[in-house]
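The values are calculated or read from the model by the stated rules, or taken from the named source; none is laboratory data. Predicted, not measured: the structure shown is a model, and the values here were computed from it. Heads up, the Cβs are rebuilt from the backbone with ideal geometry, glycines too, and the neighbour counts pull from every protein chain shown. All accessible areas refer to the heavy atoms of the entire protein, side chains included, with ligands and DNA or RNA removed. Shrake-Rupley method; radii C 1.70, N 1.55, O 1.52, S 1.80 Å.
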Amino acid sequence: MENKINFKVYGKFALFTDPLTRVGGEKCSYHLPTYEALKGVLSSVYWKPTFIWYIDKVRVMNRIKTQSKSIKPVNFAGIYPSKKSPDTMKEKSFHDLSIYSYLADVEYQVEAHFEWNLKREDMKNDRIDGKHFEVAKRMIERGGRRDIFLGTRECQAYVEPCKFGDGKSHFDESEEIAYGLMFHGFDYPDELGVNELHARFWWSKMNNGYVEFPRPEKCEIRKKVKSMAANPPKSIGLDEEGLIE
């Protein structure tokens, strides 16, 4: 089955953070993209519940630079006054001032593939060899079906086809660099087969600009975030009775 694709993603800024600790206030980006952020890029390019995207490896092309910005996030406590102290809440401004540290001028080459989601038996008729591979390739050539962003919505990005490993990277001559414990991604109920949402972590490292991600099931460090049930669509597409009449 043809299921492996390569592409380039680049943008002026990126913000890769651990969502478990990103509860507000100031934010600082990881130096490397997270597996979940790149999976989100591919989901914006093309995705169906029939399959799951897997990120195999990424190549960091540009020098890692950071840039800080002053951000005024909305202070929801000022919008919704508390019943306990409505007068105090009303006096607060609607915005706070925070400092976000972004990665600047980023470019990555990504190698990824998809596998059928065997937990979604309702989509088995859509497991057509070649169909999703060709659609994914066309969507990369056209820049994706939806807006692409790197980590957060304000970090707009762009995708293009490329051959993984082509071109010169700033880290071609560097040695192995370890970045410590890093957020990897989420295990969703319709991919895991249980009604729970888990967060995964891994010990990250980069070697000559290449980062090889472990498969999700190979991540040894997990944390249950909350109980959560999958909510598949009730429609079964063109096979739905009465849809085409």
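When the Cα atoms of segment 168-212 are aligned to their principal axes, the ranges along those axes come out at 45, 21, 10 Å in descending order.
Taken per residue, the accessible surface of segment 116-210 reaches 58 Å², heavy atoms only and a 1.4 Å probe. For segment 94-111, the residues whose backbone nitrogen is under 19 Å from a point 7 Å from the Cα of residue 56, taken along Cα to Cβ, are 108-111. Subtracting the Cα-Cα distance of residue 1 and residue 191 from 0.36 nm times their residue separation leaves 66.4 nm of extension gain.
Do any of 39/226; 65/205; 72/223 go past 29 Å between their Cα atoms, and which? Don't jump to the answer; show the numbers that get you there.
Numbers: 39/226 21 Å; 65/205 17 Å; 72/223 31 Å.
Table pairs above 29 Å Cα-Cα are 72/223.
Averaging 1/r over each pair of different alpha-carbon atoms in segment 115-176 and inverting the result gives 15.2 Å, the Kirkwood hydrodynamic radius. For the pair residue 141 and residue 28 in one chain, pulling the backbone fully straight at 0.36 nm per residue adds 37.5 nm over the alpha carbon distance.
Peptides 45-51, 216-222 ranked from most to least packed give 45-51, 216-222, packing being the mean of other C-beta atoms within 10 angstrom over each peptide's residues.
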